[in-house]
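The values are calculated or read from the model by the stated rules, or taken from the named source; none is laboratory data. No experiment lies behind these values; they were computed from the predicted model shown. Cβ atoms come from the backbone with ideal geometry, glycine included; neighbour counts cover every protein chain shown.
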Amino acid sequence: MLPPKVVPDGLTLPEYQRLLLQYQILTWMPQMAKVSKILVVLAPPEAMPEDQRRKMTALMTAVQTSVFVTTAITEVENAASEVVKFAASQGGKLLDKNEVTKAAKDKVSVAFGFASQLASSAVHKVLEDVVLPHVGLPVHYVPEGGTAEQYLTMAKRFEIIGYCEPMRQALKKASVLGGESGKRATIMLKTRVPLATINSEATSKFVDGLKCQLTKKEAQAKAIYTEILRDCPEFDWVYPRLAEIELVQGDEPRARDLLKRAIKQNPDYLLAWRGLCNLNLANWQIDAMQSNLDKMKTLDPQASEVGQIEQIIDLINQGGMR
């Protein structure tokens with residue numbers, strides 16, 4: 001069960017520590033701020049000087065206020081966006097009765113359509129043809145003559161920005177060259193790259209979704225990811241990303257289903273197992289989290305995600321929070 005959205009009163013210090021970990025994995029910012037403030041108050045006197053305690057309490061109060069204001073601003077922006085969309089859609093037909101408003105509506109429609117086209121096509125073109133090649137990441141080919149270490153570094157950067165096929169090409173080149181970097185590349189080919197070849201259209205959409213998710217436009221990211229899975233269900237990378245959004249929004253069954261589908265399709269996909277660990281933590285299923293961590297270790301014990309989960313479990317054990 002996910003933690004309560006309203007932070008409860010009267011819990012013990014370990015219980016609030018446990019809640020903080022759950023809220024952190026869910027990125028529920030208001031709850032994180034409130035629990036952090038409570039923990040500052042509950043911490044033993046010797047753990048924190050009084051002046052530092054007051055500063056931390058004030059900081060957490062400011063964070064709570066900031067989150068509330070940011071949420072309110074976002075809602076206003078979304079409302080304004082909906083008005084523009086209404087004016088540019090079939091819902092704006094009432095405006096057509098008046099020639100002046102009809103002309104105004106048509107201008108909005110053209111502008112809105114142009115902006116959408118620019119966002120989905122021109123930006124990708126500039127990114128793929130100018131920006132990425134300039135920093136050594138051409139997406140239409142992987143250059144010859146590099147070392148295994150260089151190709152491995154290139155592959156890691158491609159993964160971060162969402163380009164799976166260039167990542168696959170770079171890893172293959174590193175794997176052939178051998179050495180320690182070649183060995184890492186071979187493991188990453190098995191554990192981090194989709195089994196199927198992914199077409200450029202799905203990749204471009206995924207980059208759009210990633211951009212929306214990282215800029216906290218979850219509704220747009222969710223719609224993009226859902227569309228990709230409808231048209232390209234073999235795209236392994238999409239499942240944990242969409243599951244993350246579903247989990248943060250409180251739909252734990254949907255998140256679990258997405259991750260299980262990803263693992264059924266590709267049992268070696270490390271980030272799907274990492275997603276299950278996050279889900280386990282949010283539900284405080286620590287034994288299941290340990291089991292999924294063990295699976296991750298069999299796939300790639302050197303993966304950074306393995307170390308991150310190990311640290312969380314060690315913190316839970318050392319803090320007596322099980």
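Here are Leu189, Leu195: which of them is touching a Leu at 6+ places or on another chain (Cβ under 7 Å), at pLDDT 95 or above and either of a type in the set (A, V, I, L, M) or surrounded by fewer than 17 Cβ atoms within 10 Å (Cβ to Cβ) (or both)?
Values: Leu195 fails: touching a Leu at 6+ places or on another chain (Cβ under 7 Å).
Going through Leu189, Leu195 in turn, the sole match is Leu189.
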Original post:
Regarding Gly275, is this residue touching a Gly at 6+ places or on another chain (Cβ under 9 Å) and surrounded by 21 or more Cβ atoms within 10 Å (Cβ to Cβ)?
Top reply: no
**OP:** Report whether or not Ile161 is closer than 20 Å to Glu234 by Cβ and surrounded by 15 or more Cβ atoms within 10 Å (Cβ to Cβ).
**Re:** no
**OP:** Could you list all residues from the range 202-222 that are more than 14 Å from the chain's Cα centre (by Cα) and without any contact (Cβ under 8 Å) to a residue 24 or more places away in the chain?
**Re:** Lys205
**OP:** Select from the range 307-322 the residues that are outside any helix (DSSP H, G or I) and at negative phi and write down the one among them that is modelled with the highest pLDDT.
**Re:** Met321
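Criterion first (modelled with pLDDT of 95 or more, surrounded by fewer than 18 Cβ atoms within 10 Å (Cβ to Cβ), charged (D, E, K, R) and closer than 27 Å to Leu21 by Cβ) does Lys264 satisfy it?
On the way: modelled with pLDDT of 95 or more: yes; surrounded by fewer than 18 Cβ atoms within 10 Å (Cβ to Cβ): yes; charged (D, E, K, R): yes; closer than 27 Å to Leu21 by Cβ: no.
No; evaluated as a whole, the condition is false for this residue.
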**OP:** Kindly provide the set of residues from the range 244-254 that are surrounded by fewer than 19 Cβ atoms within 10 Å (Cβ to Cβ) and part of a helix (DSSP H, G or I), ordered by number.
**Re:** Val248, Glu252, Pro253, Arg254
**OP:** Name every residue in the range 255-284 that is assigned to a loop (DSSP other than H, G, I, E, B) and under 14 Å from the mean Cα position of the chain (by Cα), in order of residue number.
**Re:** none
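Inspect all residues belonging to the range 15-29 and state whether any of them is at negative phi, hydrophobic (A, V, I, L, M, F, W, C) and at pLDDT below 75.
Taking the range 15-29 first, the residues at negative phi are 15-26, 28-29.
Now narrow it down to the ones that are hydrophobic (A, V, I, L, M, F, W, C): 19-21, 25-26, 28-29.
Imposing the further condition that a residue be at pLDDT below 75 reduces the set to none.
Scanning the range 15-29 turns up no residue that is at negative phi, hydrophobic (A, V, I, L, M, F, W, C) and at pLDDT below 75.
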**OP:** Please go through the range 278-322 and pick out each residue that is surrounded by fewer than 16 Cβ atoms within 10 Å (Cβ to Cβ) and of a type in the set (Asp, Glu).
**Re:** Asp287, Asp294, Glu310, Asp314
Original post:
Given the structure, is Pro166 of a type outside the set (S, T, N, Q) and either at pLDDT 95 or above or in a loop (DSSP other than H, G, I, E, B) (or both)?
Top reply: no
**OP:** Evaluate the range 288-306: report whether one residue or more is in a loop (DSSP other than H, G, I, E, B) and over 23 Å from Met167 (Cα atoms).
**Re:** no
